[in-house]
Amino acid sequence: MMSKRIGILTGGGDCPGLNSVIYGVLLKAVDAGYQVIGIEKGWKGFLENRTRELDVTSLDDLHTIGGTLIYTSRTNPYKKAKSIQDPIGREKAIKETAELMASQVKNLKLDALIAIGGDDTLGVAAAMNKFAGANVIGVPKTIDNDLSSTDYTFGFWSAIQLASNTMDNITTTARSHQRIFIVEVMGRDAGWLTLVSGISAGTDIILIPEKPFDLQDDIVKVLRDRVDSGRKYHIIACSEGAIPTKESFDRDFTSINPQDIDKLPKDDFGNPILAKLNMSKVLVKELNSQDALRKYFQDHDVEYDIREVTLGHTMRAGTPNSFDRILGLRLGVHAVKLAMKNRYGQMVCLNGTEIGSVPLSEGAQKKLVPHTSDLLEVANLITKVKCGKS
Ligand code: F6P
């Protein structure tokens with residue numbers, strides 16, 4: 001079998017398990033007699049020729065270490081092309097960019113490129129393959145778990161454990177002070193992280209982007225019922241992308257309006273930087289002006305004291321858990337197997353318990369929490385039952 005030079009890059013937010021995939025790639029590639037070229041800083045380094053050969057013998061147990069050894073960035077090579085208003089001009093510019101990107105694979109003397117990333121990074125790879133036939137293979141990455149065609153993305157369960165542990169722990173201080181804690185969880189437009197970590201910790205209210213909330217029905221009423229039933233502290237899991245319904249926005253919100261969300265700064269891929277909004281802080285403000293609820297708490301001899309904790313990047317921090325280490329390794333090994341068979345334009349995925357692959361164009365699509373998800377049913381049951389009297 002001919003030797004190959006395989007390039008590997010990581011793009012988008014870092015995520016526990018990135019190094020596990022890199023190690024999986026290295027194990028299989030080295031065993032096959034291939035060279036692995038690390039491309040630093042995602043698409044940015046790809047365009048700037050920032051490469052170095054990775055030597056597996058100096059990287060023992062890399063799969064156990066968090067983050068990415070080859071750095072990452074949120075660089076979008078199609079940014080300029082995608083900003084073109086005229087659809088024909090835009091399509092042409094995207095094609096030209098894809099051709100330029102594909103020629104860069106050749107300039108770097110790579111036989112194959114493995115791109116590890118979320119929908120943004122993989123979208124770039126998919127267009128390179130679609131418009132210019134580049135030899136790319138995708139590996140789905142994100143703590144958000146919002147990629148279609150894979151049952152889980154690596155990093156998700158590590159992030160869930162971190163968030164769930166914090167929510168578990170926050171109950172002792174919430175209980176001691178009789179406080180309401182709003183815990184803000186990452187996840188821009190997908191609520192998987194908030195929903196699953198919230199259920200895991202048994203939080204009393206869960207707010208996710210896919211189901212806009214009504215401040216009165218989904219928060220004020222629930223808190224009132226909880227106090228009525230004797231509960232004295234409350235934990236709300238709030239996704240950073242959770243938003244009120246239009247009706248609730250107009251009726252209940254005084255500190256922000258929908259235009260404030262539209263005006264948020266955006267990253268290279270056009271995603272709003274929601275940390276700048278800080279929905280949990282907004283909710284603290286809005287709940288602080290709910291005088292009737294405050295009085296209800298006081299009449300029931302319960303403190304009305306609302307605090308927020310934004311988990312932010314702590315959710316992506318530290319070492320991957322065992323599930324993500326193993327998933328990462330398996331995905332990395334499988335990606336090299338696809339390169340060995342010259343099967344490009346594919347994204348490796350987890351399908352039940354098996355590792356398989358799907359066309360990149362399918363895999364790079366978003367997966368949001370469906371309204372029919374049984375997880376939503378579980379969350380709603382927890383909220384409902386924990387409002388009731390025994
Ligand atoms: O895409 C993963 C993610 O963790 C989102 O949940 C979050 O909104 C975003 O990254 C934050 O990215 P950055 O580190 O660039 O601020």
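The values are calculated or read from the model by the stated rules, or taken from the named source; none is laboratory data. Given the structure is predicted, the values throughout are model-derived calculations rather than measurements. We place every Cβ from the backbone using ideal geometry, glycine too, and count neighbours over all the protein chains shown. Accessible surface is based on the protein model in full, side chains and every heavy atom, while ligands, DNA and RNA are left aside. Shrake-Rupley method; radii C 1.70, N 1.55, O 1.52, S 1.80 Å.
Points worth noting:
- Residues that are surrounded by fewer than 24 Cβ atoms within 10 Å (Cβ to Cβ) and not in a loop (DSSP other than H, G, I, E, B) within the stretch 168-182 comprise ASP168, ASN169, ILE170, THR171, THR172, THR173, ALA174, ARG175, SER176, HIS177, listed in sequence order.
- Those strands (runs of 3 or more DSSP E) of the stretch 1-118 in which at least 2 residues are touching a residue at least 12 places away in the same chain (Cβ under 8 Å) and open to solvent by less than 10 Å² (accessible area, probe 1.4 Å), considering only elements entirely within it, cover 5-10, 35-39, 112-117.
- Residue that is nearest to the ligand (Cβ to nearest atom) [pool: residues in the stretch 258-280 that are closer than 21 Å to PHE181 by Cβ and free of Cβ contacts under 8 Å to residues at least 40 places away in the same chain]: ALA275
- Looking across the stretch 298-327, the residues that are more than 19 Å from ILE170 (Cβ to Cβ) and either more than 16 Å from the ligand (Cβ to nearest atom) or assigned to a loop (DSSP other than H, G, I, E, B) (or both) come down to GLN298, ASP299, HIS300, ASP301, THR319, PRO320, ASN321, SER322, PHE323, ARG325, ILE326, LEU327.
- HIS300 meets all of the listed conditions (1) under 27 Å from LEU122 (Cβ atoms); (2) out of contact with any Ser or Thr (no Cβ under 9 Å at 6 or more places or on another chain); (3) in contact (Cβ under 8 Å) with a residue 12 or more places away in the chain but one, namely (1).
- Filter result for LYS130 (outside any loop (DSSP other than H, G, I, E, B), more than 17 Å from GLY7 (Cβ to Cβ) and open to solvent by 70 Å² or more (accessible area, probe 1.4 Å)): yes
- ASP228 under 25 Å from LEU277 (Cα atoms) and open to solvent by 10 Å² or more (accessible area, probe 1.4 Å): no
- Filter pass, LEU122 being closer than 28 Å to SER373 by Cα, within 16 Å of the ligand (Cβ to nearest atom) and open to solvent by less than 50 Å² (accessible area, probe 1.4 Å): yes
Here's the yes/no breakdown for (1) more than 16 Å from the ligand (Cβ to nearest atom); (2) more than 22 Å from the chain's Cα centre (by Cα):
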position	(1), (2)
ARG5	yes, yes
LEU9	yes, no
GLY13	no, no
LEU18	no, no
TYR23	yes, no
LEU26	yes, yes
LYS41	no, no
LYS44	no, no
ARG50	yes, yes
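- Search result, residues across the stretch 144-157 that are open to solvent by 10 Å² or more (accessible area, probe 1.4 Å) and within 13 Å of the ligand (Cβ to nearest atom): ASP144
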